[in-house]
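S.K.: Here's a structure for you.
The values are calculated or read from the model by the stated rules, or taken from the named source; none is laboratory data. Keep in mind the model is a prediction, meaning the values are calculated, not measured. Neighbour counts run over all protein chains shown; Cβ positions are idealised from the backbone, glycine included. Side chains are part of the model used for accessible areas, which takes the heavy atoms of the whole protein and leaves out ligands, DNA and RNA. Shrake-Rupley method; radii C 1.70, N 1.55, O 1.52, S 1.80 Å.
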Amino acid sequence: MRKAWIVGGAVVAGGLSFVMVLVVAVYLVAGNLVGGMAASGRALAKGAVPAAYQQLVAKWGNLCPALSPALLAAQLYQESGWNPRVVSPADARGIAQFIPSTWATHGIDGNGDGKRDIWDPNDAIPSAASYDCELAKYVKDVPGNVSDNMLAAYNAGAYRVIQAGGVPGISETQNYVRRINSLAVSFAAPPSRLDPTRQAAGAIDFAQKKLGTPYLWGGEGTAAQGGRFDCSGLTQAAYASVGIKLPRVANDQYNAGPHPSRSQLLPGDLVFFSHDPTDSRAIHHVGIYVGGGYMIDAPRTGAVIRFDPIDGADYFGATRVTEDGAKALPTAV
């Protein structure tokens, strides 16, 4: 349990003024520094991939030049949300969501135990990478970006990519390529400073207007709930107020954009806290950073939305929310 930040009325008023200064500053900075980050780096962001799969993804994500660990991680997260037992309505199975007929021809024995097990991530993750790279070979002479063509072949088949001379004009396929590329940014270690988003100030403005509101577990701020929130309900509503739709739970919100380091934090970044410092799926709390080492958050039952310090043993990391990153997140996994 984090220690509460108890302040007097005068300090609260000062805090509100401080946040308003930050809101203006974020708008001014964002107006000049809006930008993105290419997911071309080979290193994975801290904790973005669950610890149980991190070495597999890092190793097999480098299987061929068209693939990267971040791209492979984005595919696996999009397909299954890291759930090795999930089955889709189309009977796609496991963490890599192979259909049995595709597994029969493309599944490999990734861990060398003499079996090809569709349910075992030690086989399924290497098989996903192997299949990607096989598709990349099929489309290597097709004009355009080879990674995009590889992803399109994964979704629509290599023949359609070859026939179209690139990503085919199929909305599902085009959206798939765009979604995986956007999502991959949240799995790649940032190579340089990350720029703020235009929406950050609006999210802070929404959250600060909720200061003093009692916490409600499961709260999304509806009238029936008395306008109360839990932690991820508050962050979801804050970004919804500026047109960005985030997932409902904190550990999925973590993948809504790239991950600034502690020293790179800017107002509007989401800050996360986890029971496991290596695993984003163990995140249990989220707040909105406001600067000076503090966030606005809905901490727990019996408390109110307030300012809290972010530094503590369970601080996990941060996400700079982007519109493309949020749109790329799976709606159901």
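S.K.: How far apart, in nm, are the 7 Å Cα→Cβ label points at LEU211 and ALA313?
M.R.: Between LEU211 and ALA313, the label points sit 3.0 nm apart.
S.K.: A further question follows. Per DSSP H run of at least 4 residues, take -39500 (n - 2.57); add these up for the chain, divide by its residues and hand me the 222 nm value, nearest 500 deg cm²/dmol. Walk me through the numbers on the way to the answer.
M.R.: Working: 12 runs with 133 residues, N = 333.
After summing the helix terms and dividing by the residues of the chain, the value is -12000 deg cm²/dmol.
S.K.: Right, next: Give the peptides 106-112, 222-228 in descending order of average Cβ contacts within 10 Å, highest first.
M.R.: Working: 106-112: 16.3, 222-228: 12.3.
Output ranking for 106-112, 222-228: 106-112, 222-228.
S.K.: Pairs of Cα atoms under 8 Å, at least six residues apart: use those to get the relative contact order of the stretch 204-256, whole percent. Walk me through the numbers before you get to the answer.
M.R.: Numbers: 59 pairs, mean separation 13.6, N = 53.
Relative CO of the stretch 204-256 lands at 26 percent.
S.K.: Right, here's the next one. Just how large is the dipole of the stretch 53-187 about the Cα centre, in debye to the nearest 20, putting +1 at every Lys and Arg Cβ and -1 at every Asp and Glu Cβ? If you can, show how the numbers build up before the last one.
M.R.: Working: 10 positive and 12 negative charges, 40 e Å.
It comes to approximately 200 debye.
S.K.: When the dipole is taken about the Cα centre of the stretch 198-328, and only Lys, Arg (+1) and Asp, Glu (-1) are charged at their Cβ, what size is it in debye, to the nearest 20?
M.R.: Working: 12 positive and 13 negative charges, 66 e Å.
Roughly 320 debye, rounded to the nearest 20.
S.K.: Obtain the radius of gyration and the Kirkwood radius of the stretch 44-93 from its C-alpha atoms and give Rg over Rh. Don't skip to the end; give the middle numbers.
M.R.: Numbers: Rg = 11.5 Å, Rh = 11.5 Å.
Using Cα coordinates only, the ratio equals 1.00.
S.K.: Just add up the charged neighbours of SER263: K/R +1, D/E -1, any other residue whose Cβ is under 13 Å from the Cβ of SER263. Mind dumping the intermediate values first?
M.R.: Working: positive: ARG193, ARG262; negative: ASP269, ASP311.
That works out to 0.
S.K.: In percent, how large is the relative contact order of the stretch 53-187, given Cα pairs closer than 8 Å and 6 or more residues apart?
M.R.: Working: 206 pairs, mean separation 29.8, N = 135.
For the stretch 53-187, the relative contact order is 22 percent.
S.K.: Hey, any idea what % of the chain's accessible area is carbon plus sulfur with a 1.4 Å probe? Present the calculation step by step, with values, prior to reporting the outcome.
M.R.: Working: 8000 of 14500 Å².
Heavy-atom surface of the chain belonging to carbon and sulfur, 1.4 Å probe: 55 percent.
S.K.: Binned at 10 Å from 0, what are the whole-percent values of the Cα-Cα distance distribution for the stretch 198-328, short to long?
M.R.: In whole percents, the pair-distance histogram is 15, 50, 32, 3.
S.K.: In addition: State the extension gain, in nm to one decimal, for the chain segment bounded by HIS284 and LYS140, taking 0.36 nm per residue of separation less the distance between their alpha-carbons. Can you show the working numbers first?
M.R.: Numbers: separation 144, 0.36 × 144 = 51.84 nm, distance 4.30 nm.
Length gained, HIS284 through LYS140: 47.5 nm.
S.K.: Taking the simple approach of a point 7 Å from Cα along Cα-to-Cβ for both GLU172 and ALA104, what is their distance in nm?
M.R.: The answer from the label model is 2.2 nm.
S.K.: Okay, next question. What whole number of Å gives the distance from the Cα centroid of the stretch 279-299 to the Cα centroid of the stretch 111-163?
M.R.: Using only Cα atoms, the two centres lie 37 Å from each other.
S.K.: Pick out which of ALA43, ALA313, ALA70 has the largest mean-square fluctuation in a Gaussian network model of the chain, springs linking Cα atoms closer than 10 Å.
M.R.: Looking only at ALA43, ALA313, ALA70, the biggest GNM fluctuation is shown by ALA313.
S.K.: Now for a separate question. With everything on Cα atoms, drop me the angle between helix 9-33 and the longest principal axis of the chain, reported from 0 to 90° to the nearest 10.
M.R.: Helix 9-33 and the main axis of the chain meet at about 40 degrees.
S.K.: Which Cα, out of PRO126, LEU72, ALA156, lies furthest along the positive dipole direction of the chain (beta carbon charges, K/R +1, D/E -1)?
M.R.: Result: LEU72.
S.K.: Something else now. Quick one: check the C-alpha center-to-center distance for the stretch 167-231 versus the stretch 304-320, whole angstrom.
M.R.: Result: 16 Å between the Cα centres.
S.K.: Expressed as a rounded percentage, what relative contact order does the chain have, with Cα pairs under 8 Å and six or more residues apart? Before the final figure, lay out each step's value.
M.R.: On the way: 676 pairs, mean separation 63.6, N = 333.
It comes to 19 percent, rounded to a whole number.
S.K.: OK, next. Of the options TYR294, GLY212, THR278, report the single residue whose Cα projects farthest towards the positive end of the charge dipole of the stretch 198-328 (beta-carbon charges: Lys, Arg +1; Asp, Glu -1).
M.R.: Among TYR294, GLY212, THR278, the one farthest towards the positive end of the dipole of the stretch 198-328 is GLY212.
S.K.: With a 4.7 Å Cβ cut-off, tell me which Cys residues in the chain come up empty for a partner.
M.R.: Taking the Cβ cut-off of 4.7 Å, the unpaired cysteines of the chain are CYS231.
S.K.: Roll a 1.4 Å probe over the protein heavy atoms and report the accessible area of TYR131 in Å², nearest 10.
M.R.: Number for this one is 40 Å².
S.K.: Leaving out same-chain residues fewer than 8 places away, which lysines sit with a Cα under 23 Å from that of LYS245?
M.R.: Those lysines meeting the cut-off are LYS209, LYS210, LYS327.
S.K.: Can you put LYS245, LYS140 in order of accessible area, largest first, using a 1.4 Å probe? Don't jump to the answer; show the numbers that get you there.
M.R.: On the way: LYS245 170, LYS140 130 Å².
Output order, biggest surface exposure first: LYS245, LYS140.
S.K.: How high is the FRET efficiency from TYR159 to ARG116, r the C-beta distance, R0 22 Å, rounded to 0.05?
M.R.: Numbers: r = 25 Å, r/R0 = 1.15.
Efficiency, from the Cβ-Cβ distance: 0.30.
S.K.: What do you get for the angle between helix 51-60 and the principal long axis of the chain? Use alpha-carbon atoms, 0 to 90 degrees, nearest ten.
M.R.: So the inclination is approximately 40 degrees.
S.K.: Compute the helix-to-body angle for 121-138: its Cα long axis versus the longest principal axis of the chain, expressed 0 to 90° and rounded to tens.
M.R.: 60
S.K.: If you put +1 on each Lys and Arg Cβ and -1 on each Asp and Glu Cβ, how big is the dipole of the chain around its Cα centre, in Debye rounded to 20? Write out the running numbers ahead of the final one.
M.R.: Details: 27 positive and 26 negative charges, 113 e Å.
Its charge dipole is roughly 540 debye.
S.K.: Can you give the Kirkwood hydrodynamic radius for the stretch 53-187, in Å, rounded to one decimal and based on Cα pairs? Don't jump to the answer; show the numbers that get you there.
M.R.: Numbers: mean 1/r = 0.0679 Å⁻¹.
With all distinct Cα pairs of the stretch 53-187 included, I get 14.7 Å.
S.K.: Ok, one more. Within a Cβ distance under 11 Å of ILE288, other residues only, what is the Lys/Arg minus Asp/Glu net charge? Walk me through the numbers on the way to the answer.
M.R.: Working: positive: LYS210; negative: ASP205, ASP269, ASP297, ASP308.
Charge balance near ILE288 sits at -3.
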